[in-house]
Amino acid sequence: EEIVKKIQKRLKFDYLQFHGNESPEYCSSFKNTAKIIKAFRLKDLESIKGALDYDVDIYLLDAFVKGKYGGTGKLININLAKKLVALIKKPIMISGGLNCKNIAKVIRELRPYAVDVSSGVEKYPGKKDTGLLKEFIGKIRDLG
């Protein structure tokens, strides 16, 4: 905790993004220095209830995969995400299994502030495919 606070004090990031088991209190302790993005791995209704304990600026919703924090390529559970979105009334980011085939549906159903894509636009792990990136962005732009 202290190392993050020292770094934030020195560098003054506009946003801080947390992906671990940070408590609501820990995340809130940065509210006066930056906007807070907190990742939530949606597994079940209990995970939705847990997310409601947080007062963050942006909720980053990701798929749940046991023992993994992101980068799994698994698509988020849209129905669980809809339930949380209806309760929080705050901006959301969507992550988890996004690709050219599903991005339009995900955006139409969840209306996110932003999306986070990685493996869905890769030729192989770690190597982005320019064609897939262009197609992905084009699908989003086509939505208007």
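Since every read-out is calculated from the coordinates, none of them should be taken as a lab result. Since the structure is predicted, the reported quantities are computational estimates derived from the model, not experimental observations. Neighbour counts are summed over all protein chains in view; Cβ atoms, including those assigned to glycine, are modelled from backbone coordinates with ideal geometry.
Select from region 1-68 those trypsin sites (Lys or Arg not before Pro) which occupy a DSSP coil region and have at most 11 other Cβ atoms within 10 Å, ordered by residue number.
Working: sites: K5, K6, K9, R10, K12, K31, K35, K38, R41, K43, K49, K66, K68; in loops: K12, K31, K43, K66.
The qualifying sites are K12, K66.
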Two pseudo-spin positions, 7 Å from Cα along C-beta at S47 and at E1, lie apart in nanometres by 2.6
Of all beta bridges DSSP finds with both residues in the chain, what is the antiparallel percent, to the nearest 5?
15
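With a cut-off of at most 15 other beta carbons within 10 Å, and DSSP calling the residue loop, which chymotrypsin sites (Phe, Trp or Tyr not before Pro) in region 3-85 qualify? Please list them.
Details: sites: F13, Y15, F18, Y26, F30, F40, Y54, Y59, F64, Y69; in loops: F13, F30, Y54, F64, Y69.
Hits after loop and neighbour filter: F13, Y69.
For region 1-80, which GluC sites (Glu not before Pro) pass both filters: DSSP loop (anything but H, G, I, E, B) and at most 16 other C-beta atoms within 10 Å?
On the way: sites: E1, E2, E22, E25, E46; in loops: E1, E22.
Answer in residue order: E1.
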Picking from I103, L52, I7, whose Cα lies most toward the positive end of the charge dipole for region 2-142 (charges on Cβ: Lys, Arg +1; Asp, Glu -1)?
I103
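Set the bar at 24 Å for Cα to Cα. Now go through K43/K83; K43/K139; K89/K128 and name every pair that lies beyond it. Don't jump to the answer; show the numbers that get you there.
Numbers: K43/K83 12 Å; K43/K139 27 Å; K89/K128 33 Å.
Beyond 24 Å between Cα atoms: K43/K139; K89/K128.
Let me spell out the model: positive unit charges on the Cβ of Lys and Arg, negative unit charges on the Cβ of Asp and Glu, origin at the Cα centre of region 1-89. What dipole size does that give, in debye rounded to 20?
The dipole magnitude comes to about 240 debye.
Quick one: compute the contact order of the chain, relative version, from alpha carbon pairs under 8 angstrom and 6+ residues apart, as a percent.
On the way: 224 pairs, mean separation 23.4, N = 144.
Relative contact order of the chain: 16 percent.
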